[in-house]
Amino acid sequence: MTDILTITMNPALDVLTSIDKVSDTHKMRCGAVLKHPGGGGVNVARVLHRLGSNCVALYLAGGVTGERHHKLMTTEKVRCHVMPIAEETRESFSAHELSSGHDFRFVLPGPHVSAAEYEACLDYVAQHLPKQFLVISGGLAPGVPDNFYARLAALAKQNGVRVVLDTSGPALAEALKVGVYLFKPSLRELRDLTGQDLPDQDAQVAAAQQLIQSGQAEIVAVSLGADGALVVSANEHWQAHSIKVDVQTTIGAGDSFVAGMVWSLRRGDTLLKAFQYGMASGAAALLSSGTSLSQAADVHMLLPEVVIN
């Protein structure tokens with residue numbers, strides 16, 4: 001039995017290139033191409049594997065793109081279980097603009113998933129529940145109902161497995177009705193969820209505590225972009241500044257943050273220590289191009305740089 005199971009219902013083959021400047025109408029000649037296996041839970045599993053966790057990534061895959069995605073996962077030696085689907089796994093395309101340092105990300109909707117295909121995922125989870133954490137990360141593919149993550153969360157809770165949730169939209173709202181252990185929204189997602197402007201840290205903490213008091217989450221970790229992150233529990237909260245690094249990309253930092261926190265919590269660390277590892281792992285993901293994500297050596301190197309208030 002694995003310690004951690006990650007679930008990705010709409011994985012993607014991440015394709016990254018670079019260009020001097022993005023513009024309309026004209027053909028844009030791009031640089032060399034990088035390809036990585038992507039999708040929220042897939043990325044979390046890749047980082048957990050590098051950190052040494054006993055982790056399995058469960059994800060859907062179909063067609064030639066799905067085969068390429070799985071081959072890249074195998075190359076990284078990440079333990080995984082592929083649920084086959086009839087339609088083609090999507091690609092996600094990102095262009096790094098050299099003149100500005102900005103990343104332009106084009107996210108396709110993905111394949112339509114049948115009821116038999118998504119129910120097979122639920123059956124697999126029921127038969128292979130992890131010992132400690134079920135990480136549900138990323139959006140739902142077309143055809144998967146909004147309550148699917150809620151069903152997974154309920155199954156895990158019934159068996160004493162802690163649920164980590166990183167998604168958005170109706171699927172998020174449905175899952176939070178069941179309640180999860182750790183929820184990681186961006187500030188924008190927290191605003192959308194609460195309908196509040198959340199202009200300062202006091203308001204952000206109060207919004208997170210409302211979710212906790214209502215039983216929707218035990219811990220809320222809010223990514224604040226360039227301003228760092230905030231973690232809130234029933235009795236305490238901390239804010240961390242962003243670590244200053246030479247940023248090569250912003251892609252995958254959130255997934256790496258989740259992986260760092262889950263890896264630390266699985267070891268039995270305090271929430272504060274887990275938050276520090278989350279910050280270090282998120283910053284480490286910024287050091288490499290594409291969806292390379294964080295490397296274990298960089299995470300440990302950056303840990304002393306984390307400043308917590």
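The values are calculated or read from the model by the stated rules, or taken from the named source; none is laboratory data. These numbers were taken from a predicted model, which means no experiment stands behind them. For neighbour counting, all protein chains shown are included, and Cβ atoms are generated from backbone atoms with ideal geometry for every residue, glycine included.
Points to keep in mind about this one:
- Boolean, Arg105 is out of contact with any Asp or Glu (no Cβ under 7 Å at 6 or more places or on another chain) and either hydroxyl-bearing (Ser, Thr, Tyr) or under 29 Å from Ala126 (Cβ atoms) (or both): no
- Just one of the listed residues (Ala284, Ala208, Ala234) is touching a helix residue (DSSP H, G or I) at 6+ places or on another chain (Cβ under 9 Å) and under 27 Å from Leu13 (Cβ atoms), namely Ala284.
- First in segment 291-309 and without any contact (Cβ under 8 Å) to a residue 60 or more places away in the chain, second anywhere and small (Gly, Ala, Ser) and assigned to a helix (DSSP H, G or I), Cβ under 7 Å, 6 or more apart: Asp298/Ala284; Leu302/Ala280; Leu302/Ala283; Leu302/Ala284; Leu303/Ala280
- Within segment 71-104, the residues that satisfy the criterion of being β-branched (Val, Ile, Thr) and within 21 Å of the chain's Cα centre (by Cα) are Thr74, Thr75, Val78, Val82, Thr89.
- Residues located in segment 251-290, provided they are small (Gly, Ala, Ser), without any contact (Cβ under 8 Å) to a residue 40 or more places away in the chain and not in a helix (DSSP H, G or I): Gly268
Residue-wise test of (1) within 17 Å of Phe133 (Cβ to Cβ); (2) buried (at least 24 other Cβ atoms within 10 Å of the Cβ).
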| site | (1), (2) |
| --- | --- |
| Gln248 | no, no |
| Gly252 | no, yes |
| Gly260 | yes, yes |
| Arg266 | yes, no |
| Tyr277 | yes, yes |
| Ser281 | yes, yes |
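- Residue-level analysis places Thr2 outside the set of residues that are without any contact (Cβ under 8 Å) to a residue 60 or more places away in the chain and hydroxyl-bearing (Ser, Thr, Tyr).
- Residue in segment 122-138 that is in a helix (DSSP H, G or I), surrounded by 14 or more Cβ atoms within 10 Å (Cβ to Cβ), among the hydroxyl-bearing types (Ser, Thr, Tyr) and over 20 Å from the mean Cα position of the chain (by Cα) present: yes
- Candidate set: segment 151-179, residues that are small (Gly, Ala, Ser) and outside any helix (DSSP H, G or I); chosen: the one modelled with the lowest pLDDT: Ser168
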